[in-house]
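Below you'll find the structure, written out as structure tokens, and then a few comments.
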Amino acid sequence: MEPLDYCRDKIAAPGSAVYYTLRFAPPDQHDALLALHALHAEITEIPDEVSEAAVGEVKLNWWREEIERLFAGSPRHPASQALAPAIESHGLTADDLREMIEGAAMDLAYGSYPSFRELSVYCHRTGGAFAHLLVRIAGTDSTAATRFAHDLGMARALRRRLLSVRRDARAGRVYIPEDELRQAGIQREDLLRDETDEAMRALFRQQAERILAFIAQAESHLDDAERARLRSGIILAALDRALLREMAQEDFPLLERGFELTPLRRLWIAWRTARRQQRLSRKAGG
């Protein structure tokens, strides 16, 4: 199987969020974005796939070595092989990929975070490093784009963890800061229940509002001239916003069920968002 075909099977099945993000991305970014999404998934899924931290650390050590091989020109994994052409053409850095690995290592090492300050380090590593690479693939390193990447990465990492709050709790990991749990009168063990009570709904609502604030802040940084180049990231933000709003409409029953947008709704959001970014960039002369 060709490396890009492997990546497509891994992360971009028809109807998925990544599928529509790529479909409306600039053509010259498509292969690099596909490889980046796949490599990010390979790394960040490790803590969810292992039952022992030691096994996960062995896998992460392999990826640490693989990043060195990638930048030395001899990657072994299909996802890193697919990303290899983008290293030079898009100026990607090893530091961002290493940060993603260290973020996954935090999943193995920490079961909780005292406050949002500590949690933000995790979000920066798992989400921010990915978003920074996305911006580099878009061909811009402006201050506005860098700020956009930071806030988008924070939002994406927090959204992922909120959506899997019960599964994470079962694995012994809680990504809601301890001080916020205490303020809400909720114990870690409460997240293992089969029913979301009002106190937990209020807590989940608070977490969602923080994510939406990061999305809004990310988009506020953007220069209209850069929007068309950055539209893959903007589409991801739009899809996350729609998912959070759907969760809010049902008042966050996150201990009972998961949430997912339908493929048709993803298509509509991605198409509409991409058109708007292209229009704004044309108007700005970008």
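The values are calculated or read from the model by the stated rules, or taken from the named source; none is laboratory data. None of these values were measured; they are calculated from a predicted model. FYI the Cβ positions are ideal-geometry reconstructions off the backbone, even for glycines, and counts take in every protein chain you see.
Mind checking which residues of the stretch 110-163 are among the aliphatic types (A, V, I, L, M) and more than 21 Å from A94 (Cα to Cα)? Spell out how you get there, then give the answer.
So in the stretch 110-163, the residues among the aliphatic types (A, V, I, L, M) come out as 119, 121, 129, 131, 133-135, 137-138, 144-145, 149, 152, 154-155, 157-158, 162-163.
Once the filter is applied, which keeps residues that are among the aliphatic types (A, V, I, L, M) and more than 21 Å from A94 (Cα to Cα), the stretch 110-163 yields L119, A144, A155, L158, L162, L163.
All but one of (1) touching a helix residue (DSSP H, G or I) at 6+ places or on another chain (Cβ under 7 Å); (2) surrounded by fewer than 15 Cβ atoms within 10 Å (Cβ to Cβ); (3) within 15 Å of G103 (Cα to Cα) hold for G56, so report the exception by its number.
(2)
Going residue by residue through the stretch 156-165, is there one that turns out to be surrounded by 24 or more Cβ atoms within 10 Å (Cβ to Cβ), aliphatic (A, V, I, L, M) and in a helix (DSSP H, G or I)?
yes
Taking A242 and the conditions (1) surrounded by fewer than 21 Cβ atoms within 10 Å (Cβ to Cβ); (2) of a type outside the set (K, R); (3) over 30 Å from A169 (Cβ atoms), which numbered condition does it fall short on, given that it satisfies the others?
(3)
Just to be sure before I move on: is E88 part of a helix (DSSP H, G or I), over 22 Å from M1 (Cα atoms), at pLDDT 95 or above and out of contact with any helix residue (DSSP H, G or I) (no Cβ under 7 Å at 6 or more places or on another chain) in the structure I sent?
no
Can you tell me which condition A213 does not meet? The list is (1) without any contact (Cβ under 8 Å) to a residue 24 or more places away in the chain; (2) in contact with a Gly (Cβ under 8 Å, 6 or more places away or on another chain), and all the others hold.
Just one mismatch for A213, condition (2).
Tell me whether the stretch 260-270 contains one or more residues that are at pLDDT 95 or above and over 20 Å from the mean Cα position of the chain (by Cα).
The answer is yes; a qualifying residue exists.
If you scan the stretch 134-149, which residues turn out to be surrounded by fewer than 22 Cβ atoms within 10 Å (Cβ to Cβ) and assigned to a helix (DSSP H, G or I)?
Within the stretch 134-149, R136, T143, A144, T146, R147 meet the criteria.
Using beta carbons and a limit of 8 Å, which pairs, at least six apart or on different chains, have the first residue in the stretch 69-80 and under 12 Å from L39 (Cα atoms) and in contact (Cβ under 8 Å) with a residue 60 or more places away in the chain and the second one in a helix (DSSP H, G or I) and among the acidic types (D, E)?
These pairs meet every condition: A79/E42.
Among the residues of the stretch 166-176, are any farther than 23 Å from V18 by Cα, assigned to a loop (DSSP other than H, G, I, E, B) and among the charged types (D, E, K, R)?
yes
Sort out which residues of the stretch 1-42 are surrounded by 17 or more Cβ atoms within 10 Å (Cβ to Cβ), touching a residue at least 60 places away in the same chain (Cβ under 8 Å) and not in a helix (DSSP H, G or I), and write them in order of number.
Selection gives F24, A25, P26.
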